[in-house]
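What follows is a short report on a single structure.
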Amino acid sequence: MIQDIDIADLKKITELIQVKYGYDFRNYAMSSFKRRMLRILELKSLTVESLLKKLNDQPTFIDEFLDELTVNVTEMFRDPGFWRIIRDEIIPGILLNHKQFKIWHAGCSSGEEVLSMTIVLKEMGILQDVQLYATDLDTTILDKAKQASYPIKNMELNEKNYIRYEGKGSLKDYYKEENGRAVFDKSLLQNVTFRKHDLVKGEVFNKFDLILCRNVMIYFNQTLQNEVLKKIHESMFKYGYLAIGSKESLIWCEVASKFLVVNNEEKVYKKIKD
Amino acid sequence: MDKYNLNNSYKAVVIGGSAGSFQGIVKILSQLPKNFQLPIIMCLHRLKHVRNGFVEALSIKSVVQVVEPNDKESIKKGGVYLAPSNYHMSVELGNHFAMSTEEMINNSRPAIDVTLGTAAYVYRDKLVGILLSGANRDGGLGMKLIKDKGGLTIVQEPSECMIDTMPKAALSLTQIDYTLKIDEIVAFLVELNKHYK
């Protein structure tokens, strides 16, 4: 059970993936990346050598590998206070200038966050006016996000968060229970485009009024955070908003001076310079 | 006079605790020397959905302001840090913290094993690990990792703990250096500070 993995071995793995599949994990934060790799070795009963061989010989294994490597633990309405700010301040701020606007969920994982957003928008009566993009590196998890179906055991926490958010009704208004799963009303996702996108290597593909990239960049080192934030900045309209995780910060990165802090507690920023 | 073998130049202190550890932590923080040099890195089990209040409660009597660091925040000399709610907190090479939202470990996020284990990896034999009262086994493995890297390990005297599952888990997994009461832990930290190089 207790095992360790050398930095040299981690390097061999990242280099093979870089060369063969074009994903660049070299600037991921070491502590969590190491834990993910140890987890994969344990889950799949592999050694470093057998993992390298499998990655090299079985191209189909990469999707499964990425699904385990990326962290896909999330909640609906995580940090309810954040969602109240979104509803009461940020979206009204956008609506002052545009009736129709675009939101990007960068690193959407299993979709709980984008689904929460559609519920916020629906309760505000503007869901039809908003185009949402939800992207992730991991295609397996994107397929799950599209299903909008979650184990019923997760719903207790989601319900509690929604109650703290002070939504208009009950979360139960939006899903049906089927075979131990909460299956959400698909019409919520009518304006959501799910697509594969790699924040590290991907190009700027659109411009947005609001970007949510919460608890995604914590898995990157500072060099990579800096690079990704430049692309995020480029993907925003001037006076657009950016939300990051409650324990993330923009302070030290290059683009910091191009943003204004809108809410320091919930980490919402506004782009003020191109 | 040298009751403890403190010839090694320790660089950081990590503290883990859960049920029944709050009073002990408050006592330690309130009786620290004002010029305490080593960073103190704490991971205490806490309610996942309550982000505010805990650090403030700890700070009231603390000699040093307690901080919940941001991701990639530097670890400073004399800083007192607390793992934030609903994140695992790791120590990274390069002397900073890294947050993560990975799966719960031992039913906990933050998990003490994560903070202790990553600190052991970074500080090696320059680390002091302290595990206090608690109702589950989280932290036991972390203490073993600290010991395996040559760090110094202390658990709260089980008879003084409100719930002794946590220190006992550590005692069963590795050879703990000292089993001390809270008052003795404070005295130890005072001594440790005198030896800081």
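The values are calculated or read from the model by the stated rules, or taken from the named source; none is laboratory data. These numbers come from a predicted model, not from an experiment. As a convention, Cβ positions derive from the backbone with ideal geometry for all residues, glycine included, and neighbour counts pool all protein chains shown. Surface areas here come from the heavy atoms of the whole protein model, side chains and all, with no ligands, DNA or RNA. Shrake-Rupley method; radii C 1.70, N 1.55, O 1.52, S 1.80 Å.
Things worth noting here:
- The lone exception for A:Lys176 - which of (1) of a type in the set (D, E, K, R); (2) out of contact with any helix residue (DSSP H, G or I) (no Cβ under 6 Å at 6 or more places or on another chain); (3) part of a helix (DSSP H, G or I); (4) surrounded by fewer than 20 Cβ atoms within 10 Å (Cβ to Cβ) it fails: (3)
- Residue check, B:Glu56 touching a Leu at 6+ places or on another chain (Cβ under 8 Å) and open to solvent by 10 Å² or more (accessible area, probe 1.4 Å): no
- Where strands (runs of 3 or more DSSP E) fall wholly inside region B:49-142, the ranges with 2 or more residues that are more than 21 Å from B:Val186 (Cα to Cα) and within 12 Å of another protein chain (Cβ to nearest Cβ) are B:88-92, B:96-100.
- Residue tally, condition β-branched (Val, Ile, Thr) and without any contact (Cβ under 8 Å) to a residue 12 or more places away in the chain, over region A:78-122: 0
- Condition met for A:Asp4 (without any contact (Cβ under 8 Å) to a residue 60 or more places away in the chain, among the acidic types (Asp, Glu) and within 11 Å of chain B (Cβ to nearest Cβ)): yes
- Where B:Lys3 falls short, out of the listed (1) more than 14 Å from every other protein chain (Cβ to nearest Cβ); (2) within 18 Å of the chain's Cα centre (by Cα): (2)
- Of the residues making up region A:82-99, those that are within 14 Å of chain B (Cβ to nearest Cβ) and open to solvent by 20 Å² or more (accessible area, probe 1.4 Å) are A:Arg84, A:Ile85.
- All positions within region A:131-168 that are in contact with an Asp or Glu (Cβ under 9 Å, 6 or more places away or on another chain), open to solvent by 40 Å² or more (accessible area, probe 1.4 Å) and in a loop (DSSP other than H, G, I, E, B): A:Lys168
- Close pairs from region A:236-255: first away from chain B (no Cβ under 14 Å), partner open to solvent by less than 40 Å² (accessible area, probe 1.4 Å) and at pLDDT below 95, Cβ under 9 Å, at least 6 apart: A:Leu242/A:Leu250
- Taking strands (runs of 3 or more DSSP E) as the structural unit, those lying wholly within region A:214-274 and holding at least 3 residues that are open to solvent by 10 Å² or more (accessible area, probe 1.4 Å) correspond to A:236-244, A:259-263.
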